[in-house]
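Chemist: Questions regarding the structure given below will be posed in turn.
The values are calculated or read from the model by the stated rules, or taken from the named source; none is laboratory data. Quick caveat, the model's predicted, so the values are computed rather than measured. As a convention, Cβ positions derive from the backbone with ideal geometry for all residues, glycine included, and neighbour counts pool all protein chains shown. The protein model used for the area step is the full one, side chains on, heavy atoms only, and it has no ligands, DNA or RNA in it. Shrake-Rupley method; radii C 1.70, N 1.55, O 1.52, S 1.80 Å.
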Amino acid sequence: MAIKMAQVSIENIDDAEGLDSVMTALKNITGVTAIDLDKASNTVTIRYDDTDTTIHAFTAAISMVDYVTQPFPIDAPQNPRYDD
């Protein structure tokens, strides 16, 4: 078991109902251990067990509620907020 962290952009979500739907979808993924919403930076940080899920599950879950995003592991250089 290895706990990993990923960030998901929520910049395209502009209402409370949409945000609640995304948060619920992420919380329902097996292996997700914590979710932290940062409204100031428009991101959700997800802690997850990489033996139970992958970052691809986050994309699929968010797509199911009609939002598209690109999750990246926090320490990945391709993460747009890698230098933050």
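Chemist: Kindly write out, for region 29-43 in residue order, the coupling ³J(HN,Hα) from the Karplus curve 6.51 cos²θ - 1.76 cosθ + 1.60 (θ = phi - 60°), rounded to whole Hz, with x marking Gly and Pro.
Modeler: 7, 4, x, 6, 9, 6, 9, 10, 8, 10, 5, 5, 9, 6, 9
Chemist: Hey, can you find the accessible area per residue of region 7-59 for me, probe 1.4 Å, expressed in square angstrom? Walk me through the numbers on the way to the answer.
Modeler: On the way: 2860 Å² over 53 residues.
For region 7-59, the solvent-accessible area averages 54 Å² per residue.
Chemist: Between THR45 and ASP14, what is the FRET efficiency for a Förster distance of 25 Å, r being their Cβ-Cβ separation, to the nearest 0.05? Can you show the working numbers first?
Modeler: Numbers: r = 20 Å, r/R0 = 0.80.
Efficiency computed from Cβ-Cβ geometry: 0.80.
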